[in-house]
Structures are given as C-alpha cells and as structure tokens.
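The values are calculated or read from the model by the stated rules, or taken from the named source; none is laboratory data. Since the structure is predicted, the reported quantities are computational estimates derived from the model, not experimental observations. We place every Cβ from the backbone using ideal geometry, glycine too, and count neighbours over all the protein chains shown.
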Amino acid sequence: MKWFYDLKISTKLITSFLVVLALTAAMGVFAIIQLGQVNQAAQDIK
C-alpha cells in the first residue's frame, strides 16, 4: 500500500472520480435493462 500513499493527491482524486463514474455508469446500464424487462412484463400482462 506504500505505492498508494506515494501518489499525488490529484492522481488519487482523479482515480476516485473515475471509479465513481464507472460504478454510476454500470448502475445506469443495469437500471435501463431492468426497466426494459419490467416494461416487457407489463406489456405481456395487457
């Protein structure tokens, strides 16, 4: 973990931002897929 402490604060912030961005994008894709499945199930009920 020493390599992590040796990084500049700007590098840590950019890395953290990119990780949060990737997780948010993954959650968004997952939500869109799930909404599509719910919509299809609702159409099947009609």
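Some observations on this one:
- Screening the candidates F30, F4, F17 for the property of being assigned to a helix (DSSP H, G or I) and at pLDDT below 95 yields one hit, F4.
- Per-region count, the range 1-28, residues of a type outside the set (S, T, N, Q) and surrounded by fewer than 10 Cβ atoms within 10 Å (Cβ to Cβ): 8
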